[in-house]
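Only one structure is covered here, and it is reproduced in the block below.
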Amino acid sequence: MAKSPYIHVYAKISPEPNTGCWIWTGAISDTGYGNASVVIDGKRKTKNIPRLMYQLEKGPIKPGLIIDHLCRNRWCVNPDHLEPVTYRENNMRGLGPQILAERNLIKTHCPQGHPYTGDNLYLYRGRKGRIWRGCRVCREG
């Protein structure tokens, strides 16, 4: 249920019928997320709308957690599409690790310029079981 300082926030939400997203039609911050200025206890504060909507509809967010958009839509403020997670978990769910892995796979040479081919290439298993490429020249130094 909307609380009095937040009634104008609900007026800036437009439900999207195909995805179930609640699209924020108000101001967008430099980081691409909805924000709004609200007056609480006589003081004007700028609030992150996805975080605010989660708190209004679902309850408090534990300290240190941030909001992850399960629908991958930054403008969505549907609390059912939002989940409080750690910063690390949010990054791991995003495209960052996938992009980094793809970027590393296309590298043909080690940072010192030795080729990742033939006898110079060796493979090893990392701590989490992933296979990594290494440069034999640099390893044997």
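Listed by first and then second residue, the pairs linking a residue in region 54-68 that is in the same structural domain as Asn78 (by TED's automatic domain parsing) and under 14 Å from Gly34 (Cα atoms) to a residue that is outside any helix (DSSP H, G or I) and among the charged types (D, E, K, R), with Cβ atoms under 7 Å apart and 6 or more places separating them unless they lie on different chains, are Asp68/Glu83.
Of the residues making up region 39-72, just one is within 19 Å of Ser14 (Cα to Cα), of a type in the set (A, V, I, L, M, F, W, C) and touching a Pro at 6+ places or on another chain (Cβ under 6 Å), namely Met53. Per the listing Ile106, Ile40, the residue uniquely free of Cβ contacts under 8 Å to residues at least 24 places away in the same chain and among the β-branched types (Val, Ile, Thr) is Ile106. I'd like to know if region 64-83 contains one or more residues that are within 30 Å of Cys138 (Cβ to Cβ) and in contact with a His (Cβ under 7 Å, 6 or more places away or on another chain). Scanning region 64-83 turns up no residue that is within 30 Å of Cys138 (Cβ to Cβ) and in contact with a His (Cβ under 7 Å, 6 or more places away or on another chain).
Okay, residues lined up against (1) in a loop (DSSP other than H, G, I, E, B); (2) touching a strand residue (DSSP E or B) at 6+ places or on another chain (Cβ under 6 Å):
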| residue | (1), (2) |
| --- | --- |
| Val39 | no, no |
| Pro50 | no, yes |
| Met53 | no, no |
| Pro63 | yes, no |
| Asp68 | no, yes |
| Met92 | no, no |
| Ala101 | no, no |
| Tyr122 | no, yes |
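The values are calculated or read from the model by the stated rules, or taken from the named source; none is laboratory data. Quick caveat, the model's predicted, so the values are computed rather than measured. Note: ideal-geometry Cβ built from the backbone for every residue, glycine included; neighbour counts use all protein chains shown.
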